[in-house]
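*Asks:* Attaching a single structure in structure tokens format; questions to follow.
The values are calculated or read from the model by the stated rules, or taken from the named source; none is laboratory data. Not measured: the values here are computed from a predicted model. Every residue, glycine among them, receives a Cβ derived from its backbone with ideal geometry; neighbour counts consider all protein chains shown. Ligands, DNA and RNA are excluded from the accessible area calculation, which covers all protein heavy atoms including side chains. Shrake-Rupley method; radii C 1.70, N 1.55, O 1.52, S 1.80 Å.
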Amino acid sequence: MLGDQLKVAAIGKADLTVLDTWNTNGLRGTGSHDCVAKDVFVPDHRVFSVVEGPPPDATALHRFPLFGYFALSIAAAALGNARGAIDDLLDLATRKKSLGSTRTLAERSQTQATVAASEAALRAARVLMYQSIEDAWQAAQLQEPVPESLRVGLRLAATHVVRTAAEVTTAMYELGGGASIYKSSPLERRFRDAHTATAHFQVNQASYELPGKLLLGQPARVEQL
């Protein structure tokens, strides 16, 4: 934070000290450790505000809503993780038989219904995300700022995708039964990753509050929309 504005500074890796702080339940592979920059000079051209918006001559890529972009980066990873969870379960279901059962997991009606419902939910979330991106991207081609309604759409889509993806991944994890709980199981890792993603402040349950205020016509600060 510089003054009362949120700013981002581009700093060379050699000027940073990486602290080994990313000891998390999931998403361990991102390596999102804390960094410290001490007594480093950063020129003005490597600092920008994330709330003032792009300059008038910015390209479409830089006119695309920044906070929506950040939230969507989490959503995209969550979407892929859930897709993988369904695929992992499909593979497991053809081989696994419950103790005392002659039927494979794939032959059980509960498995069939849960997989179908999860597939539908994930496909619907994916369509919502890509449509919201397309709408905002087309608006970013124009000279006017991307409308508030489309920025709301991006944040709603990102949060919905992450939380739907977690529900789908949980369903696949539970269908896997005892086979899911071992560290050797991909479903175990996907379950941890899915629920770690839901904790991010841009896509957690509370992130619905700002779009909800705007949809209801209530006063709200939109700097980080």
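*Asks:* Six or more apart or on different chains, Cβ atoms under 8 Å: show the pairs whose first residue is in the range 191-203 and farther than 10 Å from THR24 by Cβ and whose second is aromatic (Phe, Trp, Tyr) and modelled with pLDDT under 95.
*Replies:* GLN202/PHE67; GLN202/PHE70
*Asks:* All but one of (1) farther than 26 Å from GLU52 by Cα; (2) open to solvent by 80 Å² or more (accessible area, probe 1.4 Å) hold for ALA124; state the number of the condition that does not hold.
*Replies:* If we test ALA124 against (1) farther than 26 Å from GLU52 by Cα; (2) open to solvent by 80 Å² or more (accessible area, probe 1.4 Å), just (2) comes out false.
*Asks:* If you check ALA14 against the conditions, is it more than 25 Å from ALA77 (Cα to Cα), at pLDDT 90 or above and of a type outside the set (Ser, Thr, Tyr)?
*Replies:* Values: more than 25 Å from ALA77 (Cα to Cα): yes; at pLDDT 90 or above: yes; of a type outside the set (Ser, Thr, Tyr): yes.
So ALA14 fits the description; yes.
*Asks:* Filter the range 175-190 down to residues that are outside any helix (DSSP H, G or I) and more than 23 Å from the chain's Cα centre (by Cα) and give me whichever is surrounded by the most Cβ atoms within 10 Å (Cβ to Cβ).
*Replies:* So the first thing to find is which residues in the range 175-190 are outside any helix (DSSP H, G or I), and the list is 181-185.
Adding the requirement that they be more than 23 Å from the chain's Cα centre (by Cα) leaves 181-184.
Numbers: ILE181: 13, TYR182: 10, LYS183: 7, SER184: 8.
Taking the candidates together, the pick is ILE181.
*Asks:* Could you check GLU144 against (1) under 22 Å from LEU6 (Cα atoms); (2) over 21 Å from the mean Cα position of the chain (by Cα); (3) not polar (S, T, N, Q) and say which number it fails?
*Replies:* (1)
*Asks:* In addition: Only residues that are open to solvent by 40 Å² or more (accessible area, probe 1.4 Å), part of a helix (DSSP H, G or I), closer than 28 Å to ARG221 by Cα and hydrophobic (A, V, I, L, M, F, W, C): list them for the range 191-209, please.
*Replies:* ALA206
*Asks:* Follow-up. Given the residues ARG83, ARG63, ARG95, ARG103, which is the only one that is closer than 30 Å to ALA140 by Cα and modelled with pLDDT under 95? Steps first, please.
*Replies:* Working: ARG83 fails: modelled with pLDDT under 95; ARG95 fails: closer than 30 Å to ALA140 by Cα; ARG103 fails: closer than 30 Å to ALA140 by Cα.
The unique qualifying residue is ARG63.
*Asks:* Please go through the range 125-157 and pick out each residue that is under 16 Å from VAL222 (Cβ atoms) and either aliphatic (A, V, I, L, M) or assigned to a helix (DSSP H, G or I) (or both).
*Replies:* Filtering the range 125-157 for residues under 16 Å from VAL222 (Cβ atoms) gives 136, 139, 144-156.
ALA136, ALA139, VAL146, GLU148, SER149, LEU150, ARG151, VAL152, GLY153, LEU154, ARG155, LEU156 - these are the residues of the range 125-157 that are under 16 Å from VAL222 (Cβ atoms) and either aliphatic (A, V, I, L, M) or assigned to a helix (DSSP H, G or I) (or both).
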